[in-house]
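Below is one structure, written out as structure tokens, with a few remarks after it.
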Amino acid sequence: MTSIFDGGGILQGQRRNQVDILSAWLRDARCTVAFTGAGISTESGIPDFRSPGGIWTKMAPIEFSDFVRDEEMRKEAWRRKFAMDATFAAAKPGPGHTALADLMTNDRLHHVITQNIDNLHQDSGIADDAITELHGNTTYAHCLSCRKRYELDWIQSRLTPDFTPPDCSECGGLIKTATISFGQAMPEAEMASADEVARDADLFLVIGSSLVVYPAAGFPTIAKQTGARLVIINREETPQDEIADLVIHDEIGPVMQLAVAGV
Ligand code: NAD
């Protein structure tokens, strides 16, 4: 891949043109929506799922039905959660996150739909009501029955040595991180909100998503079909590159920082 860094930091011609186009579209748009995936957080030290070395290359995901059905799976889920937690807890917003926060401050970005669960958009200063989390949030947990919220410290202090988690203190239900697992129903309010903003957007930026996880990956197509310009920024090809108006195969941080500087 030819990168924005090639040539000792001197921007290559075609890439410069692409970034200039993105800046111009950001300047002109009435309603810009960013749709982010795990790729925006790799620059913060959180591995994505599908890149070489990504999480799925090391372990298979735990399906929701297995979590509910099987105590051993629940123990395994919490073992994995706390094995990864130091990485998530230490992560700070990266250049892609801060570029989006700057756009939001300057009224050039109106909403973020994210598949990420790491809370880094909130940590970058973007308000909760401007973020739709399609796959939940891994920085806290809740009861699957009564929805009571639990902080991770509370759970960790009650885990047995074999990682058996506590049950809900309110109703005895199962406690799970507040994320959406494979096979788990999508959150209705968040799906409706994402649908509404995707349809309203006239500029829709896909940033760091392989666009293979549905139904989330359907929103860029909805935005395009309802009149938005579709931009995809990802270091690898995606299945929706062919319908996009602009595709930048490069590193998110430098591309977004340059694009925002040019707005
Ligand atoms: P994905 O792993 O399928 O795709 C990430 C894409 O980003 C890949 O195509 C990769 O090439 C690209 N990428 C990675 N780093 C990049 C960089 N610095 N610059 C440019 N491109 C880069 O992730 P996805 O599409 O978000 O879908 C999978 C699921 O992953 C989501 O449901 C999400 O819940 C979950 N997830 C979230 C986190 C997180 O919250 N940070 C981490 C891992 C997985």
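Structure summary
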quantity: Meets criteria (open to solvent by 20 Å² or more (accessible area, probe 1.4 Å), within 11 Å of the ligand (Cβ to nearest atom) and touching a Leu at 6+ places or on another chain (Cβ under 8 Å)) for I243; calculated: no
quantity: Close pairs (6 angstrom Cβ cut-off, 6 or more residues apart or separate chains): open to solvent by less than 10 Å² (accessible area, probe 1.4 Å) in segment 136-155, aromatic (F, W, Y) anywhere; calculated: A141/Y150
quantity: Selection count where residues are of a type outside the set (S, T, N, Q), open to solvent by less than 40 Å² (accessible area, probe 1.4 Å) and more than 16 Å from the chain's Cα centre (by Cα), scope segment 176-196; calculated: 1
quantity: Within segment 11-121, helices (runs of 4 or more DSSP H) holding 3 or more residues that are within 27 Å of G262 (Cβ to Cβ), out of contact with any Pro (no Cβ under 6 Å at 6 or more places or on another chain) and open to solvent by 10 Å² or more (accessible area, probe 1.4 Å); calculated: 13-28, 95-105
quantity: Any chance A178 is away from the ligand (no atom under 16 Å from the Cβ), outside any loop (DSSP other than H, G, I, E, B), closer than 30 Å to A77 by Cα and not charged (D, E, K, R); calculated: no
quantity: G54 vs. criteria near the ligand (Cβ under 9 Å from one of its atoms) and at pLDDT 95 or above; calculated: no
quantity: Any pair with Cβ under 9 angstrom, 6 or more apart, that starts in segment 252-263 at a residue that is within 21 Å of D48 (Cα to Cα) and ends at one that is of a type in the set (F, W, Y); calculated: P254/F5
quantity: Test: I252 is open to solvent by less than 30 Å² (accessible area, probe 1.4 Å), closer than 25 Å to F182 by Cα and either within 12 Å of the ligand (Cβ to nearest atom) or out of contact with any Asp or Glu (no Cβ under 8 Å at 6 or more places or on another chain) (or both); calculated: no
quantity: Qualifying position, being under 24 Å from G218 (Cα atoms) and out of contact with any strand residue (DSSP E or B) (no Cβ under 8 Å at 6 or more places or on another chain), among D118, D128; calculated: D128
quantity: Top-ranked residue in segment 122-170 [being among the charged types (D, E, K, R) and either in a loop (DSSP other than H, G, I, E, B) or over 26 Å from the mean Cα position of the chain (by Cα) (or both); ranked as farthest from G94 (Cα to Cα)]; calculated: E170
quantity: Matching entry among V212, V231 (being aliphatic (A, V, I, L, M), open to solvent by 50 Å² or more (accessible area, probe 1.4 Å) and within 14 Å of the ligand (Cβ to nearest atom)); calculated: V212
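The values are calculated or read from the model by the stated rules, or taken from the named source; none is laboratory data. Bear in mind the structure is a predicted one, so any value in this text is a computation, not a measurement. Please note: Cβ atoms are built from the backbone with ideal geometry, for glycine as well, and neighbour counts cover all protein chains shown. Protein only, heavy atoms only, side chains kept; ligands, DNA and RNA dropped before computing areas. Shrake-Rupley method; radii C 1.70, N 1.55, O 1.52, S 1.80 Å.
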